[in-house]
Amino acid sequence: MAILEQASVLTDAIRPVPAKELEQRLEKFRKLMDARYPDWEMAVISHKVAMYYFTGTMQEGALIIRPADAILWVRRNFTRASNESHFSDIRPMRSFREAAALYPHVPQVIYVETKKTTLDWMKLFHKHFPFETALPLDDVMQDLRLRKSAYEITQMERSGSIHETVLDVVALKLIHAGISEAELAIEIYKEMVLRGSHGTARFNQSLGEEAVGLASFGKSGLVRTGFDGPGGTDGTCIAVQSIGNAFRHLKEGRLVYLDIPCGFDGYHTDKTVVYYFGELAKNPEADAILKAQEECLRLEEEVVSLMKPGESIENLYLKPMEKFQNIYGDDFMNGGKFLGHSIGLVMDEAPALAKGFKEVLEPGMTFAVEPKIALPGLGMVGTENTYVITEKGARSLTGRSYPLREIHG
């Protein structure tokens, strides 16, 4: 992936998801439902990420899909949905009572995203759609989103170009003595947004969005968080375990760990870079730092070499770990038993690069590979890039990884 050449990809014009793209997604969904649940009659989508996937808009309402029709019912905001979406059937409603009038027969069984649909929402919906049982369609959604279309890969390529430009080039000019973790994270975030990043990172978590990511200097990268990932930070306060500390300022001899997400038109890429501020040779732990970073680089290279169509996803974890001499214990990957994850409309799509995921790699799948090591008393080292599977193997969307680079001044 080449460094982003243009200063910005932002325009005043909206960029709607193509109608053909939406039609193909709906067609694939119905085929999967027919194959797995032949008697299905109704699926209901309420979560905004899945709604965007099928309709190209995020609104308050519900997408009701049946074998013969699909209607996006919008309570708020119908005008915006109509202006920005190419979905074929969008209708306004004040409440589910109005939508229910079109469905005199409500099936006993409906299908929903059980990991995303709240009990409160289900109660409101059930009041006017008196189904008896709600079954999960999470497996269908995972399979659909695991395999990216050419359109989706294009969005991720644009995100990856921004990511590479800012973290590998621009960040070098932003890092200086005295800057705080929070200030650096925000400056990097600003540079991404000015180049076209959509400005948020979505996750498969209950609190599903954050904006900035994190910057950690030295030992603050070792402070573990509630997030299921290897990186750490003090955060801005107890209530926010991200961004970085506004009162921790960069000094010479510190590792600079940057895990700042990026995305374009809803699609994410993941990338982490680590720098050393100062002259590494002066650090008595220089050899340990370099060895750990080299181990991470080697692991990433090993995983990427296996990323070919036909390989099982779990082997991207099992085979490299067979060769890896883990002298770091739980400081490797924060004790996690994985080496990366799928990525797309959310940062942490399933499946993970971990034992037990038997799915076979296919062209169009996208994964972030992120081996990382915590060094007690020193900070975090490691690497992360986002890759797309092609017929010939893996192609990076976010640039390359580097040996530990020094920044002076």
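The figures follow:
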| read-out | value |
| --- | --- |
| Nitroxide proxy distance, nm - points 7 Å out along Cα→Cβ at Ser149 and Leu290 | 5.0 nm |
| Gained length - Asp69 relative to Asn83, 0.36 nm times residue gap less alpha-carbon distance | 2.9 nm |
| Full-stretch length increase - His105, Glu132 - with 0.36 nm per residue and alpha-carbon distance subtracted | 8.5 nm |
| Entries in Lys219/Lys323; Lys48/Lys337; Lys28/Lys190 that, when Cα-Cα distance is taken, lie over 32 Å | Lys28/Lys190 |
| Mean residue ellipticity (222 nm) of the chain, computed from DSSP H runs ≥ 4 via -39,500 (n - 2.57), nearest 500 | -9000 deg cm²/dmol |
| Neighbour-count order for Trp121, Trp73, Trp40, fewest beta carbons within 10 angstrom listed first | Trp121, Trp40, Trp73 |
| Sorted by Cβ density within 10 Å, fewest first, the residues Phe217, Phe203 | Phe203, Phe217 |
| Distance in nm between pseudo-label sites at Leu194 and Glu279 (7 Å out along the Cβ direction from Cα) | 3.3 nm |
| Ratio of the Cα radius of gyration of the chain to 2.2 N^0.38 Å, where N counts its residues | 1.04 |
| Added length on full extension, which subtracts the Cα-Cα distance from 0.36 nm per residue, Glu391 to Leu124 | 91.5 nm |
| Packing rank of 174-186, 99-111, 335-347, 267-279, where each peptide gets the mean count of other beta carbons within 10 Å, highest leading | 267-279, 335-347, 174-186, 99-111 |
| Share antiparallel - DSSP beta bridges, region 19-144, percent rounded to 5 | 50 percent |
| Bridge type composition, the chain - antiparallel percent by DSSP, nearest 5 | 80 percent |
| Residue exposure sequence - Thr79, Thr55 - by fewest surrounding Cβ within 10 Å | Thr79, Thr55 |
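Computed from the coordinates by the stated procedures, all read-outs in this text should not be read as laboratory data. Predicted, not measured: the structure shown is a model, and the values here were computed from it. Backbone-built Cβ (ideal geometry, glycine too); neighbour counts: all protein chains shown.
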